[in-house]
1. Quick check for me: using +1 on Lys/Arg Cβ and -1 on Asp/Glu Cβ, what's the dipole size of the protein assembly as shown about its Cα centre, in debye to the nearest 20?
2. What is the local net charge at residue B:38, summed over the other residues whose Cβ is closer than 14 Å to its Cβ (Lys, Arg +1; Asp, Glu -1)?
3. Taking Rh as the Kirkwood radius, which is the inverse of the mean 1/r over Cα pairs, what is the Rg/Rh value for the stretch A:25-148?
4. Computed over the Cα atoms of the stretch B:1-143, what is the convex hull's projected area averaged over all directions, in nm²?
5. May I ask which of B:44/B:213; B:12/B:182; A:154/B:73; B:44/B:242 have a Cα-Cα span longer than 25 Å here?
6. How high is the relative contact order of chain A, given as a whole-number percent (alpha carbon pairs under 8 Å, six or more residues apart)?
7. Have a look at A:99, A:42, A:230 and tell me which one the Gaussian network model of chain A (Cα, springs below 10 Å) gives the largest fluctuation.
8. Taking chain A as a Gaussian network, Cα atoms linked when under 10 Å apart, which of A:209, A:75, A:49 shows the biggest mean-square fluctuation?
Amino acid sequence: MAVSTDTRRVAFRTNPWGRAGWLLLAAYVVYAAGRLDFTWDRFVLGLDSGAKFIGRMFPPEILQPESLAKGLMESLEIAILASFIGIVISLPIGLLAARNLMPAWATWPARAIIAAARSFHPVIVAIIFVKAVGFGAMAGIGALTVASVGFIGKLFAEAIEEISLKQVEAVRATGASFMNVILFGVMPQVFGRFIGFATYQLDSNLRNSTMVGIVGAGGIGGTLFSAFQRFDYEFVAAILLCIIAMIMVGEVLATWVRGVFVEKGRVEDE
Amino acid sequence: MSASLEVRGLVKEYVRGKRVLDGISLAFAATGLTAIIGASGTGKSTLLRCVNRLVEPTSGEIHFGGRDIAHLKGRDLREARREIGMVFQEYNLVERLTVMENLLSGRLGYVHALKAWLRKFPQADIDRAFDLLDEVGLAGYATQRADALSGGQRQRVGIARAVMQRPKLLLADEPTSSLDPKTSVEIMSLMRDMGREHGIPVIVNMHDVELAKRFADRIVGMAGGTVVYDGGAEGLTDNVLKSIYGGESWLT
């Protein structure tokens, strides 16, 4: 290629469409803020009531210890049950959805299930379950199971699609049955990552299990919501602190699980 | 001399009309090491992979153990595969499993999935795996993870895994192409010794003509999807090598 002798050689190409896009975005931000009365004055007004609210939260006080304990226990149970059931269901579905191992007639339905499970926020699914099976923990477990299947199923399928097929080929060449190819050729390659997904989902389910109660699907969320409605803000503060403590314990637990199942050095690809 | 493997009129087209294998017919004796040499892309690898059906042949017959492998399906195919061990260029060990687990995966054609999952392999298989580890010079490596080994060590595991199957035929697809010259010689002599020791005929694809001459009882030269030479090392004259690889500037 000939070197240009032009003294004004272009080192960086201008991108007019890109610039127009940024300008358009800036204009829309200003427009939307104006429409929604998102102004400094409104913010200052909000600060005032915020200060009052926070003032009433202190000192935190546990007004209904039984209700708090029961709610927390229920949330924990919902999270663990939903994670367990979700993992058990998402294993085969994720496997069926992996396009490098399965024919199209298997991947399409599996992918459809995963997509459906992922399309709604857990709150919406929880409302549907409350309407379907009635108030209580059952609805929460159902909602979070759906969320878990969507999340783990999708990531598991993607992990399988990235494996080395050479290792699979070698196991196939020994005359291994399909299940044995999965067990010895596929699972060892994805197991570490799968544990990572599962513990992350357990973490996420713990968080979400404190929230599904707001729509009546069991757990601490219900207690929290009624405390809000009774303006028992000191109790609200106590519940929030308890939730923080529970999430932290959950995080420690998840780290421990990862440590047990995944030896040191096996998580290098996460 | 009875043939243990007989390929008749084998054709493979990955793309319709483009023959990678153009009617290969070869018979292999029940003992000895056969080297298949040829330039890259002449279908050596495809030929080997057709034999254990990792690649589907387009047409032709593959007679082995009284069956036509080319037309087997499902369980019958898996049972035929159990009797054919394969060694790969890049070892293809399951990297996150231990050496012992990799060896035992050679028995997966015989072990039920539940037992395999629980690692409940027959004690005889485990004992044999330890013996084979001794044989390939990796005693004491059983619990190491496969990805902790060097290339030469991995290929030794690869060979041991194939022999674990108690195969009636051992295929090797360029087993030394990823290895240095010294290790290549060690691996080739191991392949030959294993074949003799366990009475298994060995078919090896390779690039290295000198290595083939040194270790093979019989050399098959392929070019353009057909067999252009079939005979002993002594018959590999410059003219024959030209017909296999083309050109001559590389012959010094």
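1. 1020 debye
2. -3
3. 1.18
4. Convex hull of Cα atoms, orientation-averaged projection: 10.7 nm².
5. Pairs exceeding the cut-off: B:12/B:182; A:154/B:73.
6. That works out to 26 percent.
7. Answer for the Gaussian network model of chain A: A:42.
8. A:49
The values are calculated or read from the model by the stated rules, or taken from the named source; none is laboratory data. Keep in mind that what you see is a predicted model, and the values were worked out from it rather than measured. Note that each Cβ is placed from the backbone with ideal geometry, even for glycine, and that neighbours are counted across all protein chains shown. The protein model used for the area step is the full one, side chains on, heavy atoms only, and it has no ligands, DNA or RNA in it. Shrake-Rupley method; radii C 1.70, N 1.55, O 1.52, S 1.80 Å.
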